[in-house]
Number of protein chains: 2
Amino acid sequence: MIKQTKTLTLLLPRWIATAVPGEPLLESQGVLVRDGLICEMAAQDEMRWRYPDAERIELADHLLIPGLVNLHAHAAMALLRGVGDDLPLHSWLQDRIWPLERELVSESFVYDGSLLAAIEMLQGGITTVNDMYFFPEQAISAMRAAGIRVCAGLIVIDFPSAYANDADDYLRKGMALRDRWLDDPGVSFCLAPHAPYTVSDLALQQVAVLSAELALPVHIHLHETAFEVEESLRLHGLRPLQRLAKLGLLGPDLIAVHAVHLNETDIAMMAAAAAHVAHCPHSNLKLASGFAPVAAFLESGINVGLGTDGAASNNRLDLLAEAATAARLAKAVAGDASAFAAPQVLHALTLGGATALGLQDRIGSIELGKEADLVAIDMAGLGCSPCVDPLSHLIYVCGREQVSDVWIRGEPVVRMRQPVSIALHELRDRLRSRLPLWQNQLVSQLNRLNRQTVV
Amino acid sequence: MIKQTKTLTLLLPRWIATAVPGEPLLESQGVLVRDGLICEMAAQDEMRWRYPDAERIELADHLLIPGLVNLHAHAAMALLRGVGDDLPLHSWLQDRIWPLERELVSESFVYDGSLLAAIEMLQGGITTVNDMYFFPEQAISAMRAAGIRVCAGLIVIDFPSAYANDADDYLRKGMALRDRWLDDPGVSFCLAPHAPYTVSDLALQQVAVLSAELALPVHIHLHETAFEVEESLRLHGLRPLQRLAKLGLLGPDLIAVHAVHLNETDIAMMAAAAAHVAHCPHSNLKLASGFAPVAAFLESGINVGLGTDGAASNNRLDLLAEAATAARLAKAVAGDASAFAAPQVLHALTLGGATALGLQDRIGSIELGKEADLVAIDMAGLGCSPCVDPLSHLIYVCGREQVSDVWIRGEPVVRMRQPVSIALHELRDRLRSRLPLWQNQLVSQLNRLNRQTVV
């Protein structure tokens, strides 16, 4: 459950980037937080005078931004960080990820891995994560204990796993899970069919029906590789997006993860349907999947968010770094150094992700009445000097180590770069005591695989 | 002058990546440093017992690597950080960089800008920088005061500047400068004709003669944009690299900066000549220059180093971040997730750069007899867990904030993430007092430019 802040808190940052489209950077404005909500914004001098009893948070060298929304993650895979680096894609998947998942994935693996990811993400300014993995209940438990907001993907895949047997079983378990967490406003849900090539037409149709009935977003890997598109054409006579459209899944609830290999027709279809893209540049580059045409998405009006993907293909759950890469890469891909400019990137980091998850009325921007998911970026260091545009520095200069403070619904989660709640300290200490066990299991499994396979 | 360490220092890192090609990661080995040189490496237990009086540096959770070599920088441009973000290339150059340089560049600008860059680079593990800018003497003075090694580019360009009037004047000033710094082993030199399109045939031929006579590397922007190649074909009937070959500049002394638009013939010519590439992926992406074919360079045997470029096109002088991008990007460009693997990237970060500068016998790897330019990376954090391959984590996980310790020729420069020498603290404090003046000048010049130009 999200705890409610009873007192007034007055944040006094040097600058505020609200992420409201078209709104300029604010300077010397204060943000008043009451009961977890942003209830007033005005000149700092006035706010100090009017609210003498509020807890004051002085952020004299800081840029305040909305909490970052990680629009695509497999949080638990933090425990598989770096297990298949520099391998060709098929070997990465077949010789590393799948065998390791078969041996290791369990309820405790997902709990500990999700907790590990949550702590890393919180310290990097991520306040909401859209997750997709096995045992989603354990992922929710771990991440809510840490305090991060979760959109839990109710995974569907045709293959059996330790978690479920077949598509029906996955869906049934997902629906039951959703019922159990309806009361926590820090949890939302989406349907998460893994990919068009791992889920049958029948199951995808069931997903479409449930999405429409329950107003749930659909989170799916889509057009990640050229091979995926070719195989779909060979097997179904349709591109994956065309197949999803035929099955009733192309609409404003669709979150297309990766969206690397989209042609002009695909882009026009996505835009007309008001579907969303979760852009994961580090994963796309590292697995040699290709280059998503982000500038073309934005030109056509497609809403874009950013995702870290899992730590096995990234290997750092750092959305600010993802944003820096996305901003630079989009320019080279479009051949236009003005493409994906800093304000657009901030939107993708925050309100774009929130909109894809259907949470845009509650989070994603710094506006009156919204929940106070806020991140302060410390720009005092020499590395930020000189500074003629703090928003531009956020994207092209700042690293996540400059995230000094994080609030979720007004509750401080990170202060002075460290987890602030006793609960989070305890969780971290207990996790640290268990990590050597996972490390040992991982090494022993990798030794076994190395004996079996010639990579 | 580089100070000499008189005492014995024993570094005790958990792992060592020596950067010697083919050498595996070392575990639980110690490195003994005497008089600035690496004089012994053996098992830590044995070293502790044999050298009880040595100063011990315990690095229980650390990876020790050679100091990073930044193979292409315009250090002083740190004072122009972020002045032209998200502008098209021609506008970035013509409406921002050139007018600002005309108004602002002076001896004190270069001193302060180079010092700002040096402190940022040192804290990120860069121990050697190959620089190219106006007023190179001020750059050397600032950077040597901070303690970083400099290969000073003796800039040549056909256009007059506050520093010099014409190509002859640039060359004459460069030669005189070189004579004045011959006694500092922390300074080396290269000839730095700006680019084929800004230097005449005659001046390039003079550079070729001086390079051969004095055994100096030649540091030049080359094939950065498609437009540069097209214009050279139109004006000279030759691609820029062909023109340099004709003028006697294609050989083992050539450091081709950017090398984005090289075709197969260009690559074969570069490889046959044993020329070097300074790869600057962040700058190439951000200015929409394109994608350097790094995997093809490595396959053909071309030596590759990494550069940050200047802070106006990057905007963070962070070679570890450059390496992470280079590693990922090369995979997507080659369509092969095994391209530019972590050991190759470490080579590019260290020995590759040192080799391009002709310093490979003194620095660039952790080997007996080499100068002790060393960097410790702290891998204790949760973000590095689990860890099955520290070298892979260095490239795909670690950020420069994990650089805990830096030594140059055995002298500690950074300890526990902070500058360690009193001199460096004083330099930093004095720089901090001057930065508001530069900030004000920059803002006032930008306001003037904004009134003049419609961007």
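Some observations on this one:
- Inter-chain Cβ neighbour count for B:334-345, averaged per residue, equals 4 (cutoff 10 Å, partner chain atoms only).
- At 7 Å out from Cα toward Cβ: residue B:444 inter-copy label distances (nm, ascending): 7.0
- Counting Cβ atoms of other protein chains within 10 Å of each residue's Cβ and taking the mean over peptide A:286-294 gives 4.
- Its alpha carbons considered, the range B:31-125 gives a radius of gyration followed by a Dmax of 21.7, 64 Å.
- Label 7 Å beyond Cα on the Cβ vector: residue B:169 copy-to-copy distances, nm: 8.1
- Calculated FRET efficiency, residue B:7 to residue B:165, Cβ-Cβ distance, R0 = 60 Å: about 0.75 to the nearest 0.05.
- Spin-label pair residue B:416/residue B:25, simplified geometry with 7 Å Cα→Cβ offset, distance in nm: 2.8 nm
- Net charge dipole, the range A:275-404: roughly 280 debye, given to the nearest 20, about the Cα centre with Cβ charges of +1 for Lys and Arg and -1 for Asp and Glu.
- Debye-sum result for the range B:272-321 in log10 I(q)/I(0), which assumes one identical scatterer on each alpha carbon, at q = 0.15, 0.21, 0.28, 0.31 Å⁻¹: -0.43, -0.75, -1.06, -1.16
- Whole-percent P(r), the range B:16-59, all Cα pairs, 5 Å bins from 0: 5, 19, 30, 26, 12, 6, 1.
- Above-threshold pairs, the threshold being 28 Å between Cα atoms, out of B:173/B:370; A:246/A:370; A:286/B:286; A:246/B:331; B:331/B:370; A:331/A:370: B:173/B:370; A:246/A:370; A:246/B:331; B:331/B:370; A:331/A:370
- Hypothetical label at residue A:98: residues of the range A:210-230 whose amide nitrogen lies under 19 Å (7 Å Cα-Cβ projection): A:221-230
- The trypsin sites (Lys or Arg not before Pro) of the range A:130-205 include none that meets both criteria, a DSSP state outside H, G, I, E and B (loop) and at most 14 other C-beta atoms within 10 angstrom of the site's C-beta.
- Local electrostatic count, residue A:73, Cβ distance below 10 Å [Lys/Arg +1, Asp/Glu -1]: -2
- Between identical copies, the spacing of residue B:46 label points, each set 7 Å from Cα toward the C-beta atom, reads 7.4 nm from nearest to farthest.
- The range B:152-217 and the range B:263-331: distance between their alpha carbon centers, rounded to Å: 23 Å
- Of all chain B residues, the closest to the B-onto-A rotation axis by Cβ, with that distance in whole Å, is B:401, 2.
- Each Lys or Arg adds one and each Asp or Glu subtracts one; over the other residues with Cβ under 11 Å from the Cβ of residue A:25, this totals -2.
- Neighbour net charge for residue A:327 - beta-carbon separation under 13 angstrom, K R +1, D E -1: 0
- Helical contribution to [θ] at 222 nm, DSSP H n ≥ 4, -39,500 (n - 2.57), averaged over chain A, rounded to 500: -12000 deg cm²/dmol
- Label positions at residue B:246 and residue A:213, each projected 7 Å from the Cα along the C-beta direction, are separated by 7.5 nm.
- Neighbour-count ranking [beta-carbon atoms within 10 angstrom, fewest first] of B:280, A:384: A:384, B:280
- Net dipole in debye of chain B [+1 Lys, Arg Cβ; -1 Asp, Glu Cβ; about Cα centre; nearest 20]: 700 debye
- Convex hull volume per residue for the range B:68-356, taking Cα atoms only, in Å³: 113 Å³
- Along each principal axis, Cα extent of the protein assembly as shown, largest first, Å: 79, 66, 60
- Gyration tensor verdict on the range A:226-312 (Cα atoms; rounded if a/c is under 1.5, prolate if a/b is larger than b/c, oblate otherwise): oblate
- Rel. contact order, % - alpha carbon contacts under 8 angstrom, at least six apart, the range A:68-356: 20 percent
- Calculated P(r) tail over 20 Å for the range A:84-215, as whole % of Cα pairs: 49 percent
- Across the range A:320-455, the volume of the C-alpha convex hull divided among the residues equals 204 Å³ per residue.
Bear in mind these aren't lab numbers, they're just calculated from the coordinates by the rules spelled out. The structure displayed is predicted, hence computed values, not measured ones. When we count neighbours, we look across all protein chains shown, and the Cβ atoms used for this are built from the backbone with ideal geometry, even at glycine.
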